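Here's the structure, in structure tokens; my notes come after.
The values are calculated or read from the model by the stated rules, or taken from the named source; none is laboratory data. Worth saying up front: this structure is predicted, and the values here are computed from it rather than measured. Every residue, glycine as well, gets a Cβ built from its backbone with ideal geometry; the counts of neighbours run over all protein chains shown. What goes into the accessible areas is simple: the full protein's heavy atoms, side chains included, and nothing from ligands, DNA or RNA. Shrake-Rupley method; radii C 1.70, N 1.55, O 1.52, S 1.80 Å.
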Amino acid sequence: MEAMDKAIVAMTPTADHREKRGFFVTAAAGLAALVVTPATDDPYGVILDGEDTTGKDSVALCGGNAGPVKVKLAAAPGTVVAGTRLQLSATTAGTAGADAGTGARVVCARALEAGEANELIMAILLAPIIYAS
């Protein structure tokens with residue numbers, strides 16, 4: 001029997017996340033912290049509804065069958081069309097861009113629609129794949 005029908009959890013943010021919808025977070029001592037090291041951080045999920053430190057973020061878990069969610073694209077996301085695999089971006093903490101296909105990176109989602117710089121797009125969260133090089 002399933003305990004939850006969607007993999008969405010409540011987490012206390014480490015900082016004000018009210019303007020961080022669609023950003024990737026890690027689980028830092030049980031708290032939601034923005035991903036800051038995109039080549040190695042293992043993202044826990046994506047903020048669906050961000051709060052300040054007195055509240056709780058709603059976080060959709062990577063690889064947890066949360067269904068389609070909005071993901072924030074980076075300032076320079078590359079070419080993102082439906083089907084593009086997304087990796088964590090080095091340009092803005094917690095955002096994503098088109099998978100470079102090479103080098104150290106973390107692939108964590110697949111785009112369901114096209115998108116451009118700084119947009120929120122629909123995506124499916126994947127279990128993170130960490131490429132060392």
Practice task
Count, please, the residues in region 75-93 that happen to be farther than 13 Å from E119 by Cα and open to solvent by less than 20 Å² (accessible area, probe 1.4 Å).
Solution key: 3
Practice task
Using the structure shown, decide if A132 is open to solvent by 40 Å² or more (accessible area, probe 1.4 Å), touching a residue at least 24 places away in the same chain (Cβ under 8 Å), closer than 23 Å to A27 by Cβ and in contact with a Pro (Cβ under 6 Å, 6 or more places away or on another chain).
Solution key: no
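Quick check on my filter: what residues within region 64-74 are open to solvent by less than 50 Å² (accessible area, probe 1.4 Å) and in a loop (DSSP other than H, G, I, E, B)? Walk me through how you get there before you give the answer.
Applying the first criterion (open to solvent by less than 50 Å² (accessible area, probe 1.4 Å)) to region 64-74 yields 64, 66-67, 69, 71-74.
If the condition is that a residue be open to solvent by less than 50 Å² (accessible area, probe 1.4 Å) and in a loop (DSSP other than H, G, I, E, B), then G64, A66, G67, A74 are the ones that fit.
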Exercise for the section: Go through the residues of region 18-27 one by one and say whether even a single one is over 23 Å from A114 (Cα atoms) and either open to solvent by 70 Å² or more (accessible area, probe 1.4 Å) or not aliphatic (A, V, I, L, M) (or both). Expected result: yes
Problem - Residue list for region 94-124, restricted to those being open to solvent by 20 Å² or more (accessible area, probe 1.4 Å) and touching a Leu at 6+ places or on another chain (Cβ under 8 Å) - result: A98, D99, R110, E116, A117, N118, E119, L120, M122, I124
Exercise for the section: Check region 75-85 and report whether any residue there is polar (S, T, N, Q) and not in a strand (DSSP E or B). Expected result: yes
Exercise for the section: Taking only region 106-133 into account, find how many residues are touching a Phe, Trp or Tyr at 6+ places or on another chain (Cβ under 7 Å) and at positive phi. Expected result: 0
Fill in the blank from the handout: The correct count of residues that are of a type in the set (G, A, S), open to solvent by less than 50 Å² (accessible area, probe 1.4 Å) and either modelled with pLDDT under 95 or more than 30 Å from G101 (Cα to Cα) (or both) in region 28-60 is 5
